Amino acid sequence: MRTAAPPLLPILRSQLQGKLLALLYSQPDRGYSLTELARRLSSHVATVQRESERLEEAGILVSERVGRTRLVRPNPRSPYADGLRAIVMVAFGPIRVLGKLLSAVPGVERAYVFGSWADRYEGLPGPAPAAIDVLVIGAPDRDGVDQMAVTAQEQVGREVNITIRSRDAWQGGDDGFIQSVRAGNLVPIELEGR
């Protein structure tokens with residue numbers, strides 16, 4: 001089955017390839033099993049294995065066997081490593097970057113990316129997003145969230161706009177903004193340790 005090039009970075013062969021590279025480059029020293037990659041990417045192990053093998057044949061990834069498990073990670077010796085990491089992290093990395101940064105802010109219960117970046121991430125065609133719109137659910141310290149947004153902007157190369165809503169406001173859904181956000185694509189941000 002042929003898949004379309006991802007709208008966030010159409011030079012890649014598939015959306016899965018972009019998500020796979022972003023996950024691996026977000027922690028380049030950590031090896032991931034194919035099963036864990038498939039689970040985290042909501043894909044089939046066989047599909048992740050094919051993508052990983054293609055990238056390994058090209059020298060972009062390396063793998064090693066630990067017992068019966070195959071661990072995959074970026075190849076730091078690849079001549080593409082630094083440039084590819086930079087490109088992939090700008091296109092697909094915001095979810096990983098935001099997850100790590102938001103996890104350090106007390107009071108953040110859940111978070112989502114919405115708007116044009118979420119649409120491109122989910123494969124909808126359209127112009128490249130200028131900013132990343134983030135909805136934070138909970139009662140975090142506003143200064144901590146603002147500082148996190150500045151740090152995220154530096155890491156992902158795009159403006160990061162944060163909107164905060166309480167858990168009650170999110171669950172109630174009476175707010176016109178929340179209704180609008182829920183009507184579009186919502187990409188969950190995985191918060192570490194939660």
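Below is a table of values for the structure above.
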read-out	value
In the range 15-42, the residues that are basic (Lys, Arg) and either surrounded by 16 or more Cβ atoms within 10 Å (Cβ to Cβ) or over 21 Å from Val66 (Cα atoms) (or both)	Lys19
Looking only at the range 108-128, and only at residues there that are touching an Asp or Glu at 6+ places or on another chain (Cβ under 8 Å) and not in a helix (DSSP H, G or I), the one that is modelled with the lowest pLDDT	Gly126
Candidates Ile60, Ile95, filtered to the one that is over 30 Å from Val181 (Cβ atoms) and among the hydrophobic types (A, V, I, L, M, F, W, C)	Ile60
Residues satisfying the stated conditions in the range 31-46, i.e. closer than 22 Å to Gln15 by Cβ and either part of a strand (DSSP E or B) or of a type outside the set (S, T, N, Q) (or both)	Tyr32, Ser33, Leu34, Glu36, Leu37, Ala38, Arg39, Arg40, Leu41, His44, Val45, Ala46
Single condition Gly99 does not satisfy, out of (1) part of a helix (DSSP H, G or I); (2) out of contact with any strand residue (DSSP E or B) (no Cβ under 9 Å at 6 or more places or on another chain); (3) surrounded by fewer than 18 Cβ atoms within 10 Å (Cβ to Cβ); (4) not charged (D, E, K, R)	(2)
The range 129-164, residues that are basic (Lys, Arg) and in a helix (DSSP H, G or I)	Arg142
Residue match in the range 72-81 (condition: surrounded by 18 or more Cβ atoms within 10 Å (Cβ to Cβ) and not in a loop (DSSP other than H, G, I, E, B))	yes
Answer from Val136, Val181, Val150 - the residue that is under 13 Å from Val97 (Cα atoms), β-branched (Val, Ile, Thr) and within 19 Å of the chain's Cα centre (by Cα)	Val150
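Rundown of residues vs (1) touching a residue at least 60 places away in the same chain (Cβ under 8 Å); (2) aromatic (Phe, Trp, Tyr); (3) not in a helix (DSSP H, G or I), yes/no style:
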{"residue": "Gly18", "(1), (2), (3)": "yes, no, no"}
{"residue": "Asp29", "(1), (2), (3)": "no, no, yes"}
{"residue": "Val48", "(1), (2), (3)": "no, no, no"}
{"residue": "Ser63", "(1), (2), (3)": "no, no, yes"}
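The values are calculated or read from the model by the stated rules, or taken from the named source; none is laboratory data. Everything quoted here is computed from the prediction, not taken from an experiment. Positions of Cβ are backbone-derived with ideal geometry, glycine not excepted, and every protein chain shown enters the neighbour counts.
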